[in-house]
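Below you'll find the structure, written out as C-alpha cells, and then a few comments.
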Amino acid sequence: MSDAKVQPHWPAPFRGSRNVISRVVIPGSKSVTNRALILASQCTSPSLLRRPLVSSDSELMVKGLNGLGVGIEEIRTTIDGIEELQWKVTPSVLRGNSSIDVGNAGTVMRFLPPFAALAKGDISFDGDPRSHERPLGPVIKALEDLGISISHDGRYSLPMVLHGSGEIPGGELVIDASASSQFLSALLLVAPSMKNGLSAHHVGAPVPSMPHIEMTVEMLRDFGAKVVVDTNSKTWTVQSGELKGKELVIEPDLSNAAPFLSIAMVSGGSITIADWPLKTTQPGDQLRTILSRMGAKVELHTEGLRVTGAGKISGIDIDLHDVGELTPSIAALAALADSPSHLRGIGHLRLHETDRLAALTREINSLGGNVREEESSLHITPAPLHGGVFHTYDDHRLATAGAVIGLAVEGVEVENIATTRKTLPDFPGLWISILQ
C-alpha cells in the first residue's frame, strides 16, 4: 500500500536534470475497458477481457453492471511466465430495482443510464457532489426522447431515477454532444440493443475528443455491430442486432503515459512505454507528435514508444480540442519550457472532474508561474517556480501534473495524490520506482 493512503500531502520526488532511463508498463485504458464492459454485457455469449484496467472508475462500472445482473468474474492466469488479470463477462437478463453509485466517473454516469434503460424497473443513480454539477442533460433528454421515463425534478442532472420498461424503442435522435463526446458514445454503445437501432444526429459546436467517438465506432464493429458514419451530416447510424462475445486485449492507457513520458522531457534520459500499439484510436497516441514538437526525440519500436529528452523543453502553440485529457501534462511541461505556450480549444475542460483551466492557472501561478486563463485556452509564459502545495480538486490529472512539475522544482507537495487511483492503481508507487 502506498503512502498516499495516509499522507494529506505527497512530497513530489525532485529529480532535477539527472537522467532517467526506464521502461514503464502502463495499466489498461479506462476508455477501452469501460466501453468493452458495456458492449460485452449486451452480447449473446460471454466475453473475455484481458488486462483490463482495475481502478476506481472501472470498479464503479463493474459494480453498476453487477447490480443490473451482469456477471463479471475475475480470473488470474499466467501467460508466457507473466501473471495476467482477465475479466469474464457473462450477460444476463437485466434486473431493475437497484441503486447505482457513479462516484465522479464521467464514463460511468453517462454510459450506464442508457444500458440500465434496457432493464425493467426503477434504477436510481447518484454519485459524489461534483457529479451533480457535471453535465448529463443531453443523455437524459435523449433517453426521454426515445421514450424512457426519468425522474430528475427538472434538473436534468444527478441524482435521478430511471423507470425502465425493459426495452428502448430507438429510432432517430437529435443530440448536442458539444460539451462531451461521451454523450454520443453512451447512446451508440447501447444502440444495437435498441428495438429499432439508432440514428443519432449531432447539432451544435464540434464534438470534442472525436477520437473517442472513433474508438466507440471501432469497438462496436469489433463486437459485430453494423455502423454507418456520415461525417457530412454528423450522423451515426447503428443497426439493431446481436453482439457476439469475444476475447479482447485491453490496450495500455496512452493518455496516462503522458506524465511518465514527461520524465524524459524534464530530467533527460529516455522513457519507454511498453506495448504501445502500432495502430490505435486512443487520443493519447497524439503524444508522439506533441512531444516531438516540444523538443523530444520520439521513436516507435516493436517493444514500445521511446521518448528521449533533448535537455530543454520548447513551448508550443496547439489546439488540444480533440485531446483535451492531455492538457494538464502539457501545461506542466509548458510551465517548465524555455518559451511561451498557447493551449487552445479546451473550454470543455471546465466541465470535467474540476474546472481544469481555472485549476491549472491557480496552481501553477501559486508556485510562481505565469499562466493567463481565457474562456477556452491557456497562455503559459515560463517563469521561475518555487515549492509549495499543488492542490488537485479530486482530479487525477491535476495530481499527475503536480508530480511532473515536482520533478524540476524542489519542495512541491501534491495534495490528495490518492485521487490518481481513478485511472492508475498505484501512481505514487510506479512514479517512485521509475525515479529510483
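The values are calculated or read from the model by the stated rules, or taken from the named source; none is laboratory data. It should be emphasised that the depicted structure is a prediction, and the values quoted were computed from it without experimental measurement. All Cβ positions, even for glycine, are placed from backbone atoms using ideal geometry, and neighbour counts span all protein chains on display.
Any idea which of ARG110, ARG134 is in contact with a helix residue (DSSP H, G or I) (Cβ under 7 Å, 6 or more places away or on another chain), surrounded by 15 or more Cβ atoms within 10 Å (Cβ to Cβ), in a loop (DSSP other than H, G, I, E, B) and of a type in the set (D, E, K, R)?
Going through ARG110, ARG134 in turn, the sole match is ARG134.
I'm trying to understand the selection: among the residues of region 65-78, which are surrounded by 10 or more Cβ atoms within 10 Å (Cβ to Cβ) and within 18 Å of PRO27 (Cβ to Cβ)?
Within region 65-78, ILE72, GLU74, ILE75, THR77 meet the criteria.
Among the residues of region 417-426, which ones are part of a helix (DSSP H, G or I) and either in contact (Cβ under 8 Å) with a residue 40 or more places away in the chain or surrounded by fewer than 17 Cβ atoms within 10 Å (Cβ to Cβ) (or both)?
Within region 417-426, ILE417, ALA418, THR420, ARG421, LYS422 meet the criteria.
Please identify the pairs in which a residue from region 283-306 that is touching a residue at least 40 places away in the same chain (Cβ under 8 Å) and buried (at least 18 other Cβ atoms within 10 Å of the Cβ) has its Cβ atom under 6 Å from the Cβ atom of a residue that is charged (D, E, K, R) and part of a helix (DSSP H, G or I), counting only partners at least 6 apart or on another chain.
Matching pairs, first to second residue: none at all.
Looking at ARG356 and the list (1) modelled with pLDDT of 95 or more; (2) over 15 Å from ALA258 (Cβ atoms); (3) of a type outside the set (A, V, I, L, M); (4) buried (at least 20 other Cβ atoms within 10 Å of the Cβ), which single condition is not satisfied?
For ARG356, the failing item is (2).
Conditions (1) farther than 27 Å from THR419 by Cα; (2) surrounded by 21 or more Cβ atoms within 10 Å (Cβ to Cβ); (3) touching a Ser or Thr at 6+ places or on another chain (Cβ under 8 Å), marked per residue:
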residue	(1), (2), (3)
GLU83	no, no, yes
LYS88	yes, no, yes
SER92	yes, no, no
ASN104	no, yes, yes
GLY127	no, no, no
ARG130	no, no, yes
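Which one of these does ASP153 not meet: (1) outside any strand (DSSP E or B); (2) in contact with a helix residue (DSSP H, G or I) (Cβ under 6 Å, 6 or more places away or on another chain)?
It fails just one condition, (2).
Being in a loop (DSSP other than H, G, I, E, B) and over 22 Å from the mean Cα position of the chain (by Cα) is the filter; apply it to region 383-401 and report the residue that is surrounded by the fewest Cβ atoms within 10 Å (Cβ to Cβ). So that I can check it myself, show each step before the final result.
Initially, region 383-401 is screened for residues in a loop (DSSP other than H, G, I, E, B), giving 383-387, 391-395.
When the remaining residues are screened for being over 22 Å from the mean Cα position of the chain (by Cα), the result is 383-387.
Details: ALA383: 13, PRO384: 9, LEU385: 22, HIS386: 12, GLY387: 17.
Step by step, filter region 383-401, then rank; the result is PRO384.
Look through GLY164, GLY154 and report the one residue that is over 18 Å from the mean Cα position of the chain (by Cα) and within 18 Å of VAL102 (Cβ to Cβ).
GLY164
Looking only at region 213-236, which residues are in a strand (DSSP E or B) and either outside the structural domain of LEU188 (by TED's automatic domain parsing) or out of contact with any Leu (no Cβ under 7 Å at 6 or more places or on another chain) (or both)?
VAL228, VAL229, ASP230, THR235
Could you count how many residues in region 181-210 are closer than 19 Å to GLY106 by Cβ and touching a Gly at 6+ places or on another chain (Cβ under 7 Å)?
3
Could you list, in sequence order, the residues of region 178-212 that are under 14 Å from the mean Cα position of the chain (by Cα) and either surrounded by fewer than 22 Cβ atoms within 10 Å (Cβ to Cβ) or part of a loop (DSSP other than H, G, I, E, B) (or both)?
Within region 178-212, SER180, PRO208, SER209, MET210, PRO211 qualify.
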